[in-house]
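Input: a single structure, listed below in structure tokens.
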Amino acid sequence: MLEAVDIGTQHVGCYEDAAGGEVVARLEELAGPLRGARVLHLNATPYGGGVAEILRSEVPLLRDLGLDADWKIITGDEKFFSVTKKLHNALQGAEQELSAQERETYITHSVRNAHLLEERYDLIVVHDPQPLALPHFYGGDGTRWLWRCHIDTSEPNPRVWGFLEPYLSEYDAAAFTLEGFVPPGFPVERVEIIPPAIDPESPKNLELRPATARRVLQWIGVEVERPLITQVSRFDPWKDPLGVIEAYRLVREEFPESQLALVGSMALDDPEGWEIYHNIQEAAREDEGVHVFTNLTGVGNIEVNAFQRYSDVVIQKSIREGFGLVVSETLWKETPVVAGRAGGIPLQVEDGVSGYLVDSVEECAGRVIELLRQPGKGREMGVRGREAVREKFLLPRLISDELRLYAELLGVSLKAV
């Protein structure tokens with residue numbers, strides 16, 4: 001049997017302050033006809049990265065709304081997850097090949113995980129490429145299947161895409177963050193565009209007093225009297241952490257007292273993360289202004305909350321990006337953001353209004369310098385960014401969008417809400 005992820009409880013009424021009473025009431029009305037529906041969310045890891053964060057918040061709310069919802073993870077060894085990381089990178093356009101042995105590794109583990117999926121569900125939501133092939137090997141029993149793609153697959157590596165594409169024929173629908181992410185000739189007829197969202201009630205996003213944020217950062221070694229620039233992300237080449245260090249060194253020419261925090265999450269399904277982590281350490285060696293923090297050294301949700309809330313500027317210098325939850329998380333805290341013009345980031349940041357979008361190391365450094373020189377401008381951007389997140393990127397909106405799709409796939413009639 002696949003491993004179930006332990007989750008807490010949450011109540012939809014807690015979201016009235018953040019999202020508004022009308023939004024919560026509509027969500028409850030949408031969920032009514034779906035009460036009792038058995039829904040499984042299936043992914044590769046219980047921690048590290050945006051998918052796990054979303055599911056840890058979403059599944060308890062689905063249960064509170066009356067759905068019989070579970071969250072389970074597939075099994076795999078280091079060899080398997082090395083292959084799935086290659087798949088992930090190739091789907092985002094990297095020039096990578098899969099050997100015959102690597103393809104066999106993926107298929108063998110997919111068969112094994114399909115056999116471990118013993119319970120029956122009305123709907124199974126499969127997240128990203130790691131479990132993508134499961135429905136092919138699971139067999140038909142009336143279950144509806146939804147593939148939820150969280151990455152930028154607009155220009156996938158054609159050879160790797162050719163390997164995965166046949167397995168998509170088993171799906172009843174697919175959901176992407178942006179319409180532009182849907183690959184040409186995508187074989188699933190029913191496609192929905194559903195951007196992700198953040199949970200304003202999670203420990204990472206709960207209100208944190210400035211004095212508390214300051215104390216938390218002091219405790220882990222940040223010099224809180226100095227200007228603080230931060231990037232929060234997985235250690236992934238697409239997040240361009242080495243480019244962030246280059247940009248910081250340009251900023252330091254103007255603000256020599258500034259410091260950079262690279263706050264990263266090591267995930268179970270990302271063996272490449274360790275290689276990137278060591279590359280960052282090497283690049284930052286003998287640079288007292290660069291600090292590297294991870295979830296394996298005591299930096300968790302509260303510490304990330306403090307970084308996003310207390311930093312003078314937060315960077316998200318992605319080269320390719322599915323969405324980038326950390327952007328909305330930061331804007332929700334009214335902290336100015338300088339981010340790469342990639343993937344789902346422009347969906348969250350209106351350039352020059354709620355933050356800055358950049359295309360190079362030099363442009364990134366220039367915008368950070370501008371915000372350090374004009375902190376009032378950054379605060380104004382942060383206020384506008386929070387309101388944009390409230391309107392578009394909070395969890396109740398995401399669940400509402402998904403419930404509509406669930407109802408359609410399950411043949412359940414909803415009221416026009």
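The values are calculated or read from the model by the stated rules, or taken from the named source; none is laboratory data. All of these numbers come straight from a predicted model, not from anything done at the bench. Positions of Cβ are generated from backbone atoms using ideal geometry, with glycine treated the same way; all protein chains shown enter the neighbour counts.
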Among Leu61, Leu123, Leu91, Leu65, the single one that is surrounded by fewer than 22 Cβ atoms within 10 Å (Cβ to Cβ) and of a type in the set (A, V, I, L, M, F, W, C) is Leu65
Restricting attention to the stretch 344-370, and to residues there that are more than 21 Å from Glu254 (Cα to Cα) and aliphatic (A, V, I, L, M), which single residue is surrounded by the fewest Cβ atoms within 10 Å (Cβ to Cβ)?
Val353
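To keep it simple, each residue is scored yes or no on (1) under 15 Å from Lys85 (Cα atoms); (2) outside the structural domain of Leu325 (by TED's automatic domain parsing); (3) assigned to a loop (DSSP other than H, G, I, E, B).
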site	(1), (2), (3)
Leu260	no, no, no
Val263	no, no, no
Asp270	yes, no, yes
Ile276	yes, no, no
Asn279	no, no, no
Asp287	no, no, yes
Phe293	no, no, no
Leu296	no, no, no
Val299	no, no, yes
Hey, Ser169 assigned by TED's automatic domain parsing to the domain that holds Gln96 and of a type outside the set (D, E, K, R) or not:
yes
Which of the residues belonging to the stretch 334-343 are in contact with a Phe, Trp or Tyr (Cβ under 9 Å, 6 or more places away or on another chain), surrounded by fewer than 24 Cβ atoms within 10 Å (Cβ to Cβ) and at negative phi?
Ala342
Condition check for Asp312: at pLDDT 95 or above and either among the charged types (D, E, K, R) or over 23 Å from Phe255 (Cα atoms) (or both)
yes
Within the stretch 255-269, work out how many residues are under 26 Å from the mean Cα position of the chain (by Cα) and modelled with pLDDT of 75 or more.
7
Looking only at residues that are under 27 Å from Gly298 (Cβ atoms) and without any contact (Cβ under 8 Å) to a residue 40 or more places away in the chain in the stretch 178-225, which one is farthest from the chain's Cα centre (by Cα)?
Glu225
Considering residues that are surrounded by 22 or more Cβ atoms within 10 Å (Cβ to Cβ) and either among the basic types (Lys, Arg) or within 18 Å of His41 (Cβ to Cβ) (or both), the number found within the stretch 74-87 is 3
Single match in Asp152, Asp128 (criterion: on the phi > 0 side of the Ramachandran plot and surrounded by 16 or more Cβ atoms within 10 Å (Cβ to Cβ)):
Asp128
Across the stretch 33-72, what is the number of residues that are in contact with a helix residue (DSSP H, G or I) (Cβ under 9 Å, 6 or more places away or on another chain), within 18 Å of Pro131 (Cβ to Cβ) and of a type in the set (A, V, I, L, M)?
5
Residues that are under 19 Å from Tyr167 (Cβ atoms): find the helices (runs of 4 or more DSSP H) completely inside the stretch 23-136 holding 2 or more of those.
78-91, 100-116
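Let's see how each residue does on (1) in contact with a Leu (Cβ under 6 Å, 6 or more places away or on another chain); (2) of a type in the set (Phe, Trp, Tyr); (3) within 28 Å of Ile7 (Cβ to Cβ):
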| site | (1), (2), (3) |
| --- | --- |
| Pro158 | no, no, no |
| Gly162 | no, no, no |
| Leu168 | no, no, no |
| Ala175 | no, no, yes |
| Phe186 | no, yes, no |
| Ile193 | no, no, yes |
| Ile198 | yes, no, yes |
In the stretch 8-58, anything surrounded by fewer than 19 Cβ atoms within 10 Å (Cβ to Cβ) and at positive phi is listed as Gly20, Gly36
So, restricting to helices (runs of 4 or more DSSP H) that lie completely within the stretch 319-417, which ones have at least 3 residues that are modelled with pLDDT under 95, within 20 Å of Asp152 (Cα to Cα) and in the same structural domain as Pro129 (by TED's automatic domain parsing)?
none
